[in-house]
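Below: one structure, written as structure tokens.
Any read-out appearing in this document is the output of simple, stated calculations on the displayed coordinates, not a laboratory observation. Keep in mind that this is a model prediction, so the values were computed, not measured. All Cβ positions, glycine included, derive from the backbone under ideal geometry; neighbour counts span all protein chains shown.
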Amino acid sequence: MNRLLPRALMAPAVIALFLWMIVPLLMTLYFSFVNYNLLQPGERTFAGIDNFQYFVTDPDFWPAVGNTLLLIGSVVVGTVVLGVLLALLVNEPFPGRGIVRVLLISPFFVMPAVNALLWKHMMMNPIYGILADLWRLFGAQPVDWLTDWPLLSVIVMVGWQWLPFACLIFITALQSLDREQMEAARMDGASATQRFFYLTLPHLGRPMAVVVMIEMIFLLSVFAEIAITTNGGPGNASTNLTYLIFKQSLMNFDVGVASAGALFAVILANIVAAFLIRIIGKNLD
């Protein structure tokens, strides 16, 4: 009885969560094997693997895969490197350190849509944006970022939002660094560079693995920044897998192909997650 009561109390929440997850997944699985177009809602013939084949052979598919990998890799590397440097910078005591830390992590709480609008209109606008004014200040021609460098612009937006997350994790990890060990190394003649590579960096190994895993999983679904700023263009220059699925579903009204693409993205995300969890598991042993 003592064992059944906690499980009975938890059962409604577990069942609700299970249904919340499994029902959309089963619907996606169903639609991925039928020909279902919103312009012809009454026709739902069995398609087999045709939807998957159509999605994979789409001319935008491989560019979208490349853009997705480039986006994830650039943001992860940039946030980890800059996050470590910023964490080391604000870890040392100085006047106003608490305020600086709060300001440093605040971009992480900005919604993706607001983040995209902020960079699109306030920062990267070629006429009245801050970066355009900065270019003119040095006598250079302002850059139309969203047209000339669309994917780089998205990488900057997403990286700006995820950098505080990495920085927060690293700041927290540095609080547990053994100060006596660092002081002993300094007294033994170890330089700042040697202390960083032989003491600080190994100590940050586990937090880095966690940051990489969480960011890679969430960055597979970047959408708002692309939809609001570049619409996947020019052409397919900034289209990732998530936006390609959106184009198939809401622009081409092809729910079957979009569901096949969504299932492909789910499988890819699970493969990445399983791979990263194994790496982190070995790192934590």
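For V56 and D178, what does the FRET efficiency come to when R0 = 51 Å and r is the distance between their Cβ atoms, rounded to the nearest 0.05?
0.50
Test of understanding: what is the full-extension gain from S106 to R186, defined as 0.36 nm times their sequence separation minus their Cα-Cα distance?
In short, 25.4 nm is gained.
In percent, what relative contact order does the chain have, based on Cα pairs under 8 Å that are 6 or more apart in sequence?
Relative contact order comes out at 29 percent.
Obtain the nm distance between the two label points defined at N37 and A13 by a simple spin-label model: each point lies 7 Å from its Cα along the Cα-to-C-beta direction.
Going from the N37 label point to the A13 one covers 4.7 nm.
In whole Å, how far is the Cα centre of the stretch 90-165 from that of the stretch 33-78?
Taking the Cα centre of the stretch 33-78 as reference, the centre of the stretch 90-165 is 31 Å away.
Cut-off 10 angstrom, C-alpha nodes, Gaussian network model of the chain. Which of A47, A258, A227 fluctuates the most?
The residue with the greatest mean-square fluctuation here is A47.
Compute the FRET efficiency between Q194 and F275 as 1/(1 + (r/R0)^6), taking r as their Cβ-Cβ distance and R0 = 25 Å, and round to the nearest 0.05.
0.15
What residue among N270, N231, N67 has the largest mean-square fluctuation in a Gaussian network model of the chain, using Cα springs under 10 Å?
Of the options given, N270 has the highest mean-square fluctuation.
With r as the distance between the Cβ atoms of L88 and T147 and R0 = 41 Å, compute the FRET efficiency 1/(1 + (r/R0)^6) and round to 0.05.
0.65
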